[in-house]
Each structure stands twice: as C-alpha cells, then as structure tokens.
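Enquirer: Here it is, the structure in full.
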C-alpha cells in the first residue's frame with residue numbers, strides 16, 4: 001500500500017474504500033491530537049471528512065471506544081450506509 005506523511009508522522013494507507021483518501025483534505029483536518037494513536041480512521045459524511053483515532057489492541061491505552069478491533073462496530077453504528085472510508089496505520 002501507499003505511504004503518506006501527516007504532521008511529521010508516517011502512515012501506511014491500509015484501507016481506502018471508494019478511493020477517497022485525499023492527502024490535502026486530511027492534512028487540513030489533522031492535528032497533534034492524533035499523534036498518539038496507532039491508526040486514524042476517516043469517513044466522509046455530507047461531503048466532509050471525519051477522523052477518529054484508534055489504538056492497536058495490544059496498546060495499554062486501548063479501550064473499547066478506541067480499540068482497532070472494534071472498528072467494524074463503529075462503521076456499522078456511526079457511519080452513513082455506503083460511506084467512503086479509509087484507514088491509516090502509523091509506521092513506527
């Protein structure tokens with residue numbers, strides 16, 4: 001997969017449903033808040049990208065609300081049906 005840099009951190013695009021990842025748009029929305037997360041999930045709703053941080057399941061900071069193994073639950077419950085989504089994984 002393709003690698004990108006955001007806020008000085010390198011990420012691998014591990015999922016890009018709908019070929020929607022836009023580096024310029026995400027760069028405008030991302031802040032240092034996301035620096036601690038292992039993954040960044042993005043979905044498009046009403047023409048805008050929403051971002052959410054996730055931890056690897058092995059990370060001591062992982063809780064159900066931000067554990068990557070519960071990503072599918074988040075997609076099902078909080079994303080619009082058929083929404084375009086992407087997932088970035090931090091390269092360590």
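The numbers here are math on the coordinates, done by the rules we state, and not lab data. Bear in mind the structure is a predicted one, so any value in this text is a computation, not a measurement. When we count neighbours, we look across all protein chains shown, and the Cβ atoms used for this are built from the backbone with ideal geometry, even at glycine.
Enquirer: Given a 10 angstrom Cα cut-off, can you work out which residue in 35, 43, 72 is the most mobile in a GNM of the chain?
Expert: Its mean-square fluctuation being the largest, the pick is 72.
Enquirer: What's log10 of I(q)/I(0) for region 1-80 at q = 0.16, 0.23, 0.27 Å⁻¹, Debye sum over Cα points only, no solvent?
Expert: Those come out to -0.62, -1.30, -1.58, one per q.
Enquirer: If you stretched the chain out fully between residue 16 and residue 28, how much longer would it get, using 0.36 nm times the residue separation minus the C-alpha to C-alpha distance?
Expert: Between residue 16 and residue 28, full extension yields 2.5 nm more.
Enquirer: Points 7 angstrom from Cα along the Cβ direction at residue 77 and residue 92: gap in nanometres?
Expert: It is 2.7 nm.
Enquirer: Can you give the Rg to Rh ratio of region 36-92, both from alpha-carbon atoms, with Rh computed by the Kirkwood formula?
Expert: 0.98
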